[in-house]
Amino acid sequence: MNYWLIKSEPDTYSWDDFVKEGKSMWDGVRNHAARLNMIAMKEGDLALFYHSNEGREIVGLAKVSKEHYPDPTADDPRWVVVEFVPVEKFPKPVTLKQIKSDKRFEDMALVRLSRLSVGPVKPEEYDFIMQLAHD
DNA sequence: GCCAACGTTGGC
DNA sequence: GCCAACGTTGGC
């Protein structure tokens, strides 16, 4: 089981949109590092759902429901999508500010590679986030 | 193959 | 709205 973090701008696609649809095909990723992360995702892996730009907080938890396949919106078949389903909306969203002010997260991909849209999360980082989200 | 210019992302 | 970080493009 691996853990991930996926970013979305809520103006474009928010957690509420995700819940309304019941599942999401994560398309439009055109970054090689993000692509490699998506390819590494296995069905059942969990992903923190982060709102970038507006909100700047982790708002909920998603689960990989379908592993990578070619992105139908891309010209190049090497780009891939992954499908997610919602698991849980956090009672207390975890803000970027909280994360940045906590030493336990200083090596987190979200902090160190702020522009990466699909990044890995370590098991211990996942545990800390879940504690903060349910505190 | 190097690197300057430019575009995009995303935090502030 | 600004700018830092990073990726991509194109001239040489």
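How many residues does segment A:67-93 hold that are within 17 Å of the chain's Cα centre (by Cα) and free of Cβ contacts under 8 Å to residues at least 40 places away in the same chain?
The total comes to 3.
Kindly list the number of the only condition in (1) over 20 Å from A:Met1 (Cα atoms); (2) open to solvent by 70 Å² or more (accessible area, probe 1.4 Å) that fails for A:Glu43.
Of the numbered conditions (1) over 20 Å from A:Met1 (Cα atoms); (2) open to solvent by 70 Å² or more (accessible area, probe 1.4 Å), the odd one out for A:Glu43 is (1).
Which residue is nearest to A:Glu9 (Cα to Cα), if the candidates are limited to segment A:104-134 and must be out of contact with any Lys or Arg (no Cβ under 6 Å at 6 or more places or on another chain) and hydroxyl-bearing (Ser, Thr, Tyr)?
Ranking the candidates gives A:Ser114 first.
A:Glu83 fails exactly one of the following numbered conditions: (1) within 16 Å of DNA strand C (Cβ to nearest atom); (2) touching a strand residue (DSSP E or B) at 6+ places or on another chain (Cβ under 8 Å); (3) open to solvent by less than 30 Å² (accessible area, probe 1.4 Å). What is the number of that condition?
Condition (1) is where A:Glu83 drops out.
So, of the residues in segment A:89-135 that are farther than 17 Å from A:Ala62 by Cβ and small (Gly, Ala, Ser), which turns out to be most open to solvent (accessible area, probe 1.4 Å)?
Residue satisfying both the conditions and the ranking: A:Ser101.
Inspect segment A:55-78 for any residue being away from DNA strand C (no atom under 14 Å from the Cβ), among the aromatic types (Phe, Trp, Tyr) and open to solvent by 40 Å² or more (accessible area, probe 1.4 Å) and give the result as yes or no.
Yes, because at least one residue in segment A:55-78 is away from DNA strand C (no atom under 14 Å from the Cβ), among the aromatic types (Phe, Trp, Tyr) and open to solvent by 40 Å² or more (accessible area, probe 1.4 Å).
The values are calculated or read from the model by the stated rules, or taken from the named source; none is laboratory data. Because the structure is predicted, anything quoted here is derived from the model rather than measured. Cβ sites come from the backbone with ideal geometry, for glycine too, and all protein chains shown count toward neighbours. For accessibility, only protein heavy atoms count, side chains too; no ligands or nucleic acids. Shrake-Rupley method; radii C 1.70, N 1.55, O 1.52, S 1.80 Å.
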